[in-house]
Amino acid sequence: MKSLDILQDPYLLPYKEDIERRKSLFDLALKEGYNTHLEARFGRHLKGNTHHFCEYAPNATAVYLLCDASAWQPDRNFAFSKGSEAGVWELSITEKLLPHLAPYKLWVEWDGGCGERISPFARYVTQDASTGIFTERIWEPEKPYTFRHSAPSEKCTFPTIYECHIGMSSEELHVASYNYFRAHILPRIVSAGYNCIQLMAIQEHPYYGSFGYHVSGFFAPSGRFGTPDELKQLIDEAHAMGLRVIMDLVHSHAVKNAVEGLGAFDGTRSLFFYDDSRGEHTLWDSLCFNYGKRFVKEFLLSNCRYWLEEYGFDGFRFDGVTSILYHDHGLGRCFTSYADYYNPNYHEEAGCYLMLANELIHRTRPEAICIAEEVSGMPGIALPIEQGGYGFDYRLAMNQPDYWIKTVKELPDETWDPGNIFYEMTNRRHNEKVISYVESHDQALVGDKTLIFRMADAAMYSDMNKGTPSPAVERAMALVNMIKTVTFSSTNGGILTFMGNEYGHPEWIDFPREGNGNSYQYARRQWSLRDNPFLRYEQLALFDKALITILKAYSIELKSIPYCHYASQDTQVLAFSRGRLLLLFNFSPNRSFDHFELALPPGKYTLLLDSDKEAFGGYGRIASAEHFTHPCCSMATHQEQHIASFYLPARTAQILLCE
């Protein structure tokens, strides 16, 4: 086998055979070939004036169509017949019996049982508001939506991702719609400076509060937000605005539900999932796919391609990749050595599926963005397959938000160590790109808080007025802006923010449930806080936009390896560079430095961003915009070096450009 680039890491050489075997299994699977258009055959399709139904249910003894015309009873006139292939069932009926939006289900019988089912390939499912029952519906509009705008054709070199949840995007106390999001939220995202949106909870899911992670309908966009065409229009108009649209794809597990999910479509769990202990994810209370089964691989691969081609998505954030990669789902493991990755706990068939998925996605859309939510640190996740990796473009830097929460919760401000901060922000495999972030939806779920709310706490309820002096709020704003700056500017790939966090949305996220009186109070976004010119939320939003604008404009500089010029726990000052960008931080809560000298490459350093500007809620202490180096002799080396002097007020961040 050709030498794999990943083996340039000498610490991986003891595991050469494991890595080569991984690549060999992928090459073999690729040669075997897979049907990645399964949904073109199975499910329901209108052919002329006839609805044709086709389902794969090898354990079934009979399959019926339930609808108004059958009086919602198993009727021999609506009975499926066995197809030419084992396990395949088919039925054709006239279109007149099932017009547009007509509801229907399947009735499946097997030895020892029977029950209502929804097709695994259902494309539109709705839930009855009073009964909670899910039903598949005919979606054949007279004028189906036609895309008018092309997706961005070039690869996004610096994704700035705005993570979104359609349902909680409104300030009103209800579930928001695709149409609302398209009309009201897309313009906000563009104005805030982001170039990608990551949509959560798109695949149909029975429990709203699962955040979309307990999927029942893998080919159906959630009907609680609107129709399939309304989602298409949302994506189309996002493209018109220059936004790429990434889908939060859940292929790591599925909801246990049998009636509206895949739990026992033909009376068995084994159609999609392992039928032994491997089939249950005990922590998530869900079912685990049998990635070694050909039908399952084709089902999931078809699902990847379907969302790209049918809806125009520009890529995926794969959820729960760690859970996929290991037989024990990585639960309770620390992954402190490479031996933790290469042992019998590694799930070869699942790893091969991920490689096949990335190969298919990039073959279908070469410019697609694929992100792995992977916490174990598996080497090669974000390397090309031909180099010995898994083919993802990026991995989420999941250590970063955990680090910031721990720091804010446990360490007094005066003990923050800039050297440790720099290490944590740059602790990655430098040939693998990451998406850096301070907080996503995960960090603000019920029982938790947004980062700024952790620091300001109760003062956010009373002291967010711009005219109200508040040491607690001013500290929180200064630190959250510094934290964003050091996190985002140290990335080697891209950045991510959850909807509302760009302006410091307070409080937690809690979906309506019995425990909170089914309230939507915390399952919404309070845009009025951002829009009120008298509140400090506006200042936080302005800083976020300024930071992102600069990083996008100079993203080429972020391709260089971060170089630390200075980091001292004594002064709490950190200085590092990314190409021509110089990043300066003074984390001290009470010490400012009038003439802080740094040895730097020679040139003029021009201020691009100052977190202390009054427009950002700061004190306006930094006046000088240009700094020049001057030569001097190093006392330590007795060699000439270049020195520049800077004013570093307490709790401030600066970005400068060397010219």
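The values are calculated or read from the model by the stated rules, or taken from the named source; none is laboratory data. These figures come from a predicted structure and were not determined experimentally. Note that each Cβ is placed from the backbone with ideal geometry, even for glycine, and that neighbours are counted across all protein chains shown. Quick note on the areas: whole protein, heavy atoms, side chains included, nothing else; ligands and nucleic acids left out. Shrake-Rupley method; radii C 1.70, N 1.55, O 1.52, S 1.80 Å.
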- [ ] Would you tally the residues in the stretch 284-316 being buried (at least 23 other Cβ atoms within 10 Å of the Cβ), over 30 Å from LEU234 (Cα atoms) and of a type outside the set (A, V, I, L, M, F, W, C)?
- [x] 1
Task: Lone unmet requirement of (1) open to solvent by 50 Å² or more (accessible area, probe 1.4 Å); (2) of a type in the set (Phe, Trp, Tyr); (3) not in a helix (DSSP H, G or I) for TYR11 - done: (3)
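Please go through the stretch 194-212 and give me each residue that is of a type in the set (S, T, N, Q) and either buried (at least 19 other Cβ atoms within 10 Å of the Cβ) or farther than 22 Å from ILE133 by Cβ (or both), ordered by number. So that I can check it myself, show each step before the final result.
In the first step, residues of the stretch 194-212 are kept if they are of a type in the set (S, T, N, Q); the result is 195, 198, 203, 210.
Within the stretch 194-212, ASN195, GLN198, GLN203 meet the criteria.
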TODO: Go through the stretch 394-505 and tell me which helices (runs of 4 or more DSSP H), entirely inside it, have 1 or more residues that are closer than 24 Å to ILE161 by Cβ.
DONE: 399-410, 418-426, 451-456, 471-489
Task: Counted residues, the stretch 213-230 - those being surrounded by 24 or more Cβ atoms within 10 Å (Cβ to Cβ) and assigned to a loop (DSSP other than H, G, I, E, B) - done: 3
Task: Residue in the stretch 429-451 that is among the hydrophobic types (A, V, I, L, M, F, W, C), at pLDDT below 95 and out of contact with any strand residue (DSSP E or B) (no Cβ under 7 Å at 6 or more places or on another chain) present - done: yes
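Pick from THR126, THR146: which is open to solvent by 20 Å² or more (accessible area, probe 1.4 Å) and in a strand (DSSP E or B)? Outline the logic, then answer.
Working: THR146 fails: in a strand (DSSP E or B).
The match here is THR126.
Is it true that HIS184 is assigned to a helix (DSSP H, G or I) and modelled with pLDDT of 95 or more?
yes
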Task: Condition met for ASP457 (without any contact (Cβ under 8 Å) to a residue 12 or more places away in the chain and closer than 21 Å to LEU535 by Cβ) - done: no
TODO: Please specify each residue of the stretch 73-99 satisfying the condition of being surrounded by 12 or more Cβ atoms within 10 Å (Cβ to Cβ) and in contact with an Asp or Glu (Cβ under 7 Å, 6 or more places away or on another chain).
DONE: PHE80, GLY83, TRP89
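Is it true that some residue in the stretch 238-253 is more than 20 Å from GLY167 (Cβ to Cβ) and β-branched (Val, Ile, Thr)? Talk me through it step by step, then tell me what you get.
If we filter the stretch 238-253 for residues that are more than 20 Å from GLY167 (Cβ to Cβ), which is where we start, we get 239-242, 244, 251-253.
Right, trim to β-branched (Val, Ile, Thr) and you get none.
No, because not a single residue in the stretch 238-253 is more than 20 Å from GLY167 (Cβ to Cβ) and β-branched (Val, Ile, Thr).
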TODO: Taking the residues in the stretch 273-283 that are assigned to a loop (DSSP other than H, G, I, E, B) and open to solvent by 30 Å² or more (accessible area, probe 1.4 Å) as candidates, determine which candidate is farthest from GLY112 (Cα to Cα).
DONE: LEU283
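Give the residues of the stretch 46-72 that are more than 20 Å from LEU262 (Cα to Cα) and either surrounded by fewer than 19 Cβ atoms within 10 Å (Cβ to Cβ) or of a type in the set (A, V, I, L, M) (or both), sorted by residue number. It would help to see each step written out before you state the result.
Initially, the stretch 46-72 is screened for residues more than 20 Å from LEU262 (Cα to Cα), giving 46-52, 67-72.
Across the stretch 46-72, the qualifying residues are LEU46, LYS47, GLY48, ASN49, THR50, HIS52, ASP68, ALA69, ALA71, TRP72.
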Task: Single match in SER191, SER270 (criterion: open to solvent by 10 Å² or more (accessible area, probe 1.4 Å), among the polar types (S, T, N, Q), assigned to a helix (DSSP H, G or I) and more than 20 Å from TRP139 (Cβ to Cβ)) - done: SER191
- [ ] Test LEU574 against the criterion of being out of contact with any Pro (no Cβ under 8 Å at 6 or more places or on another chain), modelled with pLDDT of 95 or more and assigned to a strand (DSSP E or B), and give yes or no.
- [x] no
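Given the options LEU199, LEU173, name the one that is touching a strand residue (DSSP E or B) at 6+ places or on another chain (Cβ under 9 Å) and not aromatic (Phe, Trp, Tyr). Spell out how you get there, then give the answer.
Working: LEU173 fails: touching a strand residue (DSSP E or B) at 6+ places or on another chain (Cβ under 9 Å).
When all the criteria are applied, what remains is LEU199.
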TODO: Determine whether the stretch 548-571 contains at least one residue that is out of contact with any helix residue (DSSP H, G or I) (no Cβ under 9 Å at 6 or more places or on another chain), closer than 16 Å to MET482 by Cα and of a type in the set (Gly, Ala, Ser).
DONE: no
Open item on the list: Here is a check on your reading of the model: is ASP75 free of Cβ contacts under 8 Å to residues at least 24 places away in the same chain, of a type in the set (Asp, Glu) and under 27 Å from ARG137 (Cβ atoms)?
Closed with: yes
Open item on the list: If TYR503 satisfies all but one of (1) open to solvent by 10 Å² or more (accessible area, probe 1.4 Å); (2) among the aromatic types (Phe, Trp, Tyr); (3) closer than 17 Å to GLN526 by Cβ, what's the number of the condition it fails?
Closed with: (1)
Open item on the list: Taking the condition of being assigned to a loop (DSSP other than H, G, I, E, B), more than 30 Å from VAL245 (Cβ to Cβ), modelled with pLDDT of 95 or more and not aromatic (Phe, Trp, Tyr), how many residues in the stretch 299-345 meet it?
Closed with: 5
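Condition first: open to solvent by less than 20 Å² (accessible area, probe 1.4 Å), in a strand (DSSP E or B) and either out of contact with any Lys or Arg (no Cβ under 9 Å at 6 or more places or on another chain) or farther than 14 Å from GLY261 by Cα (or both). Now tell me which residues in the stretch 100-123 satisfy that. Outline the logic, then answer.
In the first step, residues of the stretch 100-123 are kept if they are open to solvent by less than 20 Å² (accessible area, probe 1.4 Å); the result is 102, 104-106, 108, 115, 117-122.
Restricting the remaining residues to those that are in a strand (DSSP E or B) gives 104-106, 108, 115, 117.
Hits for the stretch 100-123 are TYR104, GLY115.
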